[in-house]
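Reviewing the structure listed below.
The values are calculated or read from the model by the stated rules, or taken from the named source; none is laboratory data. Because the structure is predicted, anything quoted here is derived from the model rather than measured. Positions of Cβ are backbone-derived with ideal geometry, glycine not excepted, and every protein chain shown enters the neighbour counts.
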Amino acid sequence: MAGITLGNTYGIMVATVTITPASVGAATTAEQTFTVPGVRVGDYVGVTGVTQNGVAIGQARVTAPDTVGVRFINTTAGGLAPTAGAYQFLVVRPDSGIRAGVAF
């Protein structure tokens, strides 16, 4: 397959973290960062959590060790804060060659 790199998964973890997102402006998106222990740059991150009408979770990415950026989307005409509470982060670590001492 041209242009596609296939590989294995080194590990998968699920972390439940209680977060309190800030308000997101009307008809806009905003990335906010939260501490998620154990994540590393290069990990794939998915997130699910408590949301309210008009605010959705867009994407998530590791921005630094132990830090995940979550993009919230506000489709309403007024500012809204996503609901605070327990959010689940699915973390997939690609296998880039097993090295001694490398683990979640």
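What to note about this one:
- First in segment 29-54 and of a type in the set (Ser, Thr, Tyr), second anywhere and in a loop (DSSP other than H, G, I, E, B), Cβ under 8 Å, 6 or more apart: THR35/ASP66; THR51/PRO82; THR51/THR83
- Answer residue from segment 53-76, given it is small (Gly, Ala, Ser) and at pLDDT 95 or above and is nearest to VAL39 (Cα to Cα) among those: ALA64
- Residue match in segment 17-28 (condition: part of a strand (DSSP E or B), out of contact with any Phe, Trp or Tyr (no Cβ under 6 Å at 6 or more places or on another chain) and not β-branched (Val, Ile, Thr)): no
- Only one of the numbered conditions (1) more than 12 Å from the chain's Cα centre (by Cα); (2) hydrophobic (A, V, I, L, M, F, W, C); (3) assigned to a loop (DSSP other than H, G, I, E, B) is violated by VAL39, and that is (1).
- Residues located in segment 77-104, provided they are of a type in the set (Phe, Trp, Tyr) and at pLDDT 95 or above: TYR87, PHE89
- Residue in segment 67-79 that is touching a Ser or Thr at 6+ places or on another chain (Cβ under 7 Å), of a type in the set (Gly, Ala, Ser) and assigned to a loop (DSSP other than H, G, I, E, B) present: yes
- Some residue of segment 21-31 being in contact with a Lys or Arg (Cβ under 7 Å, 6 or more places away or on another chain) and among the acidic types (Asp, Glu): yes
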